[in-house]
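Student: Before I ask anything, let me first share the structure, which is written out below as structure tokens.
The values are calculated or read from the model by the stated rules, or taken from the named source; none is laboratory data. Please read these numbers as outputs of a predicted model, since none were measured by experiment. We place every Cβ from the backbone using ideal geometry, glycine too, and count neighbours over all the protein chains shown.
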Amino acid sequence: MPAAERRLADIPSFASLRPPGIIGPMTDDWPVGRHITGYNHHHGSYGQGGVRLSGWQLNGGSWMVLPLKYSANWITFTREGLTLLADAFMLDITIDQRIIDAHPNQIADFPSWDHRFAGTPPIEELPDFAVARPVIDHFESRPDGFRLDARIGHQIYRFAMGDHLPRPDWAGSRGARMLGQGESVAGAFLPAHDCYLTL
């Protein structure tokens, strides 16, 4: 394996978060029934890049954090909508599924929802969750990923990660983006008091 590939492959996929911000372990039923009031994939940043963890703010307070580094390159966001048409006998179903973010040289293959890479035009199309406030009605984590479904009316918001979903390769080495041996998303989520995390 070339040195550049070894360097990327040797970077652990998960970050170790330290108290006092962390509340403790999280069960899969903990977020169910709560409103998503924010989403951020720049947790753990020091302002010049950082490790970019994902976090979901619940009920305007605490955060549910996935301590996976560069998580926006692993996670898809799907917006599904149902609209009853005027004749009341037909539905209009729209499904828009994209990776949350991708490196600029991968945008053509992986159009993203929220791209803010320095020197390239920003893309910011994620919903304003503080206004939408969808309610989580399904959450499960598995070794290869997770699925979080939230609803508001006939609109479904789904965050998901898994080996069954396409995701960009590592931008530098072009190697497959895979979890390290022995790493698991199951049990990795943590509730936190706020979005200011100590690594």
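Student: Looking only at residues that are of a type in the set (A, V, I, L, M) and in contact with a Gly (Cβ under 7 Å, 6 or more places away or on another chain) in the range 61-92, which one is surrounded by the fewest Cβ atoms within 10 Å (Cβ to Cβ)?
Tutor: So the residue we want is M64.
Student: Does the range 78-95 contain any residue that is under 15 Å from the mean Cα position of the chain (by Cα) and farther than 26 Å from I23 by Cα?
Tutor: Checking the range 78-95: at least one residue is under 15 Å from the mean Cα position of the chain (by Cα) and farther than 26 Å from I23 by Cα.
Student: If the Cβ limit is 9 Å and pairs must be 6+ apart or interchain, which residue in the range 110-123 that is within 16 Å of F77 (Cα to Cα) pairs with which residue that is surrounded by 12 or more Cβ atoms within 10 Å (Cβ to Cβ) and modelled with pLDDT under 80?
Tutor: I123/R116
Student: Being on the phi > 0 side of the Ramachandran plot and either within 16 Å of the chain's Cα centre (by Cα) or of a type in the set (S, T, Y) (or both) is the filter here, so list the residues in the range 163-194 that pass it.
Tutor: Once the filter is applied, which keeps residues that are on the phi > 0 side of the Ramachandran plot and either within 16 Å of the chain's Cα centre (by Cα) or of a type in the set (S, T, Y) (or both), the range 163-194 yields only G187.
Student: Failed condition for A102, given (1) surrounded by fewer than 20 Cβ atoms within 10 Å (Cβ to Cβ); (2) more than 25 Å from D29 (Cα to Cα); (3) in contact with a His (Cβ under 8 Å, 6 or more places away or on another chain), with all others met?
Tutor: With (1) surrounded by fewer than 20 Cβ atoms within 10 Å (Cβ to Cβ); (2) more than 25 Å from D29 (Cα to Cα); (3) in contact with a His (Cβ under 8 Å, 6 or more places away or on another chain) applied to A102, the lone miss is (1).
Student: Within the range 40-56, is there a residue that is farther than 23 Å from S184 by Cα and touching a strand residue (DSSP E or B) at 6+ places or on another chain (Cβ under 7 Å)?
Tutor: No, the range 40-56 has no match at all.
Student: At least 1 residues that are modelled with pLDDT under 90 and out of contact with any Cys (no Cβ under 6 Å at 6 or more places or on another chain) in each: list the strands (runs of 3 or more DSSP E) lying fully within the range 33-114 that qualify.
Tutor: Here the list reads 36-43, 76-84, 91-99.
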